[in-house]
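Data first, discussion second: the structure below is written as structure tokens.
Here, each number is a calculation from the coordinates, and none is a lab measurement. Everything quoted here is computed from the prediction, not taken from an experiment. Neighbour counts are summed over all protein chains in view; Cβ atoms, including those assigned to glycine, are modelled from backbone coordinates with ideal geometry.
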Amino acid sequence: MVIKKIHHVAYRCRDAKETVDFYQDLLGMDFMLVFAEERAPSTKEPDPYMHVFLDAGMGNVLAFFELPDSPEMDRDNNTPKWVQHIAFEVADMEALLEAKNKVEAAGLEVVGPTDHGIFKSIYFFDPSGHRLELAANTPVSSEEMEKIHELAPVMLEEWARTKRPPRHTAWLHEKEMAGG
């Protein structure tokens with residue numbers, strides 16, 4: 001089997017209209033289509049829903065379900081809020097800083113820019129409580145990227161054995177801490 005790409009990623013939302021308005025107005029996404037049914041097509045369970053699809057650019061589709069007859073939505077309280085998030089790429093640092101200003105002007109709290117070594121990003125929450133990240137890639141040499149790629153399996157194996165963060169690419173975050 002060969003996967004072509006992610007067709008869409010779906011999340012739950014509190015209010016479909018509020019969600020579409022948020023992603024259209026704040027992030028410039030196009031509202032593509034909607035499904036609305038009384039029963040879930042896959043299971044045939046009676047569960048009315050509104051399923052909205054937004055164009056996140058370059059063939060990437062972000063979808064949301066509003067489920068008015070289901071219990072109020074909640075998050076996985078055993079997972080820190082910073083872990084689960086949706087990350088979107090922006091063109092460059094200028095676009096990232098413009099987005100930060102726009103999001104703050106909309107009255108939302110923004111964390112960042114945070115330097116991850118190979119990209120910088122900002123974080124904020126959508127109206128349903130989903131953490132969003134906007135990321136701008138930063139210049140990294142092809143040699144550095146190759147080294148990061150080569151170290152990935154080594155680091156994963158070390159993590160699997162020790163459950164402690166391997167230090168092989170610590171320099172990615174230490175650059176910012178050192179002022180670089």
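Separation of segment 19-77 and segment 143-161, taken as the distance between their Cα centroids, equals 36 angstrom.
Beyond 26 Å in Cα-Cα separation lie the following of the pairs K120/K147; K5/K102; K4/K163; K5/K100; K102/K147: K5/K102; K4/K163; K5/K100; K102/K147.
Packing around the peptides 8-15, 59-66, taken as the average count of other Cβ atoms within 10 Å per residue, puts them in this order, highest first: 59-66, 8-15. Report the local net charge at R14: Lys and Arg +1, Asp and Glu -1, summed over other residues whose C-beta lies under 10 Å from its C-beta. So the surrounding residues net to -4.
Label-to-label distance, E146 versus N78, with points set 7 angstrom from Cα along the beta-carbon direction: 4.3 nm. Across segment 115-131, coupling constants 3J(HN,Hα) worked out from phi with the 6.51/-1.76/1.60 Karplus curve, θ = phi - 60°, read 8, 9, x, 9, 7, 10, 8, 10, 9, 7, 10, 7, x, 8, x, 7, 6 Hz, and Gly and Pro carry x. Is segment 69-180 best put as rounded, prolate or oblate by its Cα gyration tensor, with a ≥ b ≥ c the root eigenvalues, rounded for a/c under 1.5, and otherwise prolate when a/b is larger than b/c, oblate when not? Oblate, because a/c is 1.5 or more while a/b does not exceed b/c. Lys/Arg Cβ at +1, Asp/Glu Cβ at -1, dipole of the chain taken about the Cα centre: which of V61, H168, M50 is farthest positive-ward? Of V61, H168, M50, it is H168. With the simple model of a label 7 Å out from the Cα in the direction of the Cβ, D15 to V111 spans 2.6 nm. Protection proxy ranking of 108-116, 126-134, 163-171, by the mean of other Cβ atoms within 10 Å over each peptide's residues and highest first, is 126-134, 108-116, 163-171. Fewest neighbouring Cβ atoms within 10 Å first, the residues D74, D21 line up as D74, D21. A simple charge model with +1 on the Cβ of Lys and Arg, -1 on the Cβ of Asp and Glu and nothing else charged puts the dipole of the chain at about 600 debye relative to its Cα centre.
Its relative contact order, with pairs defined as Cα atoms under 8 Å and 6+ residues apart, puts the chain at 17 percent. Across segment 9-66, the relative contact order, built from alpha-carbon pairs under 8 Å that are at least six residues apart, equals 41 percent. In the chain, what % of DSSP beta bridges are antiparallel (nearest 5)? Looking only at bridges with both residues in the chain, the antiparallel portion is about 70 percent. A dipole drawn for segment 85-137 from +1 and -1 charges on Cβ atoms has a positive end, and of A135, V111, V90 the residue lying farthest that way is V111. Neighbour counting of Cβ atoms within 10 Å sorts the residues K5, K120, fewest neighbours leading, into K5, K120.
Less than 5 angstrom separates the built amide H of E89 from those of A135, all sequence-distant by 5 or more or on a different chain. Based on DSSP H segments of at least four residues, each scored -39500 (n - 2.57), the chain has a per-residue ellipticity at 222 nm of -9500 deg cm²/dmol. Amide H to amide H, with H built 1.01 Å from N, Y49 comes under 5 Å of E37, counting only residues 5 or more places away or on other chains.
Karplus-based coupling profile of segment 143-159, in residue order and whole Hz: 5, 5, 5, 5, 5, 4, 5, 5, 7, 3, x, 4, 5, 4, 4, 5, 4, with θ = phi - 60° in 6.51 cos²θ - 1.76 cosθ + 1.60 and x standing for Gly or Pro.
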